[in-house]
Structure formats: structure tokens, C-alpha cells
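Take a look at the structure set out below.
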Amino acid sequence: MDTTLVRGDITEQAVDAIVNAANSSLMGGGGVDGAIHRRGGPRILEECRALRASSYEKGLPTGQAVATTAGRLPARWVIHTVGPVYARSDDRSHLLASCYAESLRVADELGAKVVAFPAVSAGIYGWPLDDAARIALTTVRGASTSVAEARFVLFGDDAYAAFEKALAGLTA
Ligand code: AR6
């Protein structure tokens, strides 16, 4: 699998699937979640509502992933995953790793070959960027998947630099 890094806005990616850093409610929010729903239009929220009513009455648990179509976005699907809130006193790394592993598993179910990821949990949920980047890249690189390209779409220079450094650390 190719792991690529780009600087930019994930809502502009013409890929098979983009991953959303959602929350358990699946009802939208700020950050990348807000941008996806704003640009993707109401169809995505309608599908999230249907998922809540059918399979996820209590919400999507942290570390899991589920797909909807992508509305007006240039991608085909949105894979919603719920990252853990960072807590210094409690190691939730396995939940963050699970977001990437589960998103790839859903991508495989969809037959998605190119998948764009944001830095899950590294915004409003407060995960330190360097650590978030290491967990993201290690998990994606170690996954057994038919996805051909995992593209990390980093919003801002700090996020891009953190992923560049983590990727160099893995390939060194
Ligand atoms: N494209 C790519 N990356 C982005 C974009 C974008 N358009 N917008 C923000 N980022 P965050 P979280 C980056 O806060 O920490 C929401 O309210 C951002 O700079 O979106 O998992 C949800 O509903 C950061 O590096 O997600 C949840 O309640 C990364 O994406 C909560 O925030 C993730 O930041 C989830 O928090």
C-alpha cells in the first residue's frame, strides 16, 4: 500500500472514500466533521440519521467506523469514525489505532482503493500531533487491506510536518 501525505482540505479530495473525524452522535460538529457536512450537503446527515435509527441507537462507539455516501463531495463515500478524546492520565492509543484499522476494514467492504484520512483526534479532541501521526501511520502501514493508497490530508503546516517526521521515522 502507498502512504501519501498532502497538505489541504479533505473535502476537496476526489478519492473513493474520505474518513470523517466524527463524534458518537453522527450528527455533525466542528472541525473536519463540520466541513464535510457543510460541503457534502444534507444527504450525508440523512444517512447518518438512518444509521442511528437502525444500527447505532446509542451512537457509534469510539474506535469504530461506518460508511455513508458522500453527497455533493467529489468522493464516493464518507467513512465516519469516532476518535478518542486525548487524556494524559489514560492511554487510549488503542482506540485511536482502531479508528484507522476499522476505517480500512470498512473501505475494504466498500471496495474503496484510495482512501483519504484526516489526523483523527488531533484537533478538538486534543491528541498531540506527533503522537497522533505516529499512531496513524503505524496502524495504516501494518494493516492487512486491499486499499492501494492511504492519503493523509493534513490541514495546516504543523500537521503536515508532524506526519512527515513520523513517516521518515518509520522508513528510516
Ligand atoms: N480537511 C482536513 N483536515 C481538517 C479539516 C479539513 N477540512 N478541518 C480540520 N482538519 P477535528 P477531532 C484537521 O477537530 O480532534 C468535531 O466537532 C484539524 O486541523 O476535526 O477528532 C467532531 O464532531 C485536525 O488536525 O477532529 C467531534 O466532536 C484534524 O483535522 C470532534 O470535532 C482533526 O481535527 C472530533 O475531534
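Values as computed for the structure displayed
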{"read-out": "Sites Glu57 and Arg88, calculated FRET efficiency, Cβ-Cβ separation with R0 35 Å, nearest 0.05", "value": "0.65"}
{"read-out": "Overall form of segment 67-146 per C-alpha gyration tensor (a/c, 1.5; a/b vs b/c)", "value": "prolate"}
{"read-out": "Solvent-accessible heavy-atom area per residue, rounded to whole Å², over segment 2-171 at 1.4 Å", "value": "46 Å²"}
{"read-out": "Given charges at Cβ of Lys, Arg, Asp, Glu: segment 2-171 dipole, positive-most of Gly8, Ala136, Gly41", "value": "Gly41"}
{"read-out": "Packing rank of 120-128, 48-56, 30-38, where each peptide gets the mean count of other beta carbons within 10 Å, highest leading", "value": "120-128, 30-38, 48-56"}
{"read-out": "Over the chain, relative contact order from alpha-carbon pairs under 8 Å, at least 6 apart, %", "value": "30 percent"}
{"read-out": "Whole-number D in µm²/s for the chain (Stokes-Einstein; Kirkwood sum over Cα pairs; 4 °C, 1.567 mPa s)", "value": "83 µm²/s"}
{"read-out": "Normalised per residue, the volume of the convex hull around the Cα set of segment 23-117 (Å³)", "value": "96 Å³"}
{"read-out": "Accessible carbon and sulfur surface of the chain relative to its total accessible area, %, 1.4 Å", "value": "49 percent"}
{"read-out": "Estimated [θ] at 222 nm from DSSP helical runs (n ≥ 4, -39500 (n - 2.57)) normalised by residues in the chain, nearest 500", "value": "-13000 deg cm²/dmol"}
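The values are calculated or read from the model by the stated rules, or taken from the named source; none is laboratory data. Given the structure is predicted, the values throughout are model-derived calculations rather than measurements. Counting neighbours? That spans all protein chains shown, and the Cβs are built from the backbone with ideal geometry, glycine included. Surface areas here come from the heavy atoms of the whole protein model, side chains and all, with no ligands, DNA or RNA. Shrake-Rupley method; radii C 1.70, N 1.55, O 1.52, S 1.80 Å.
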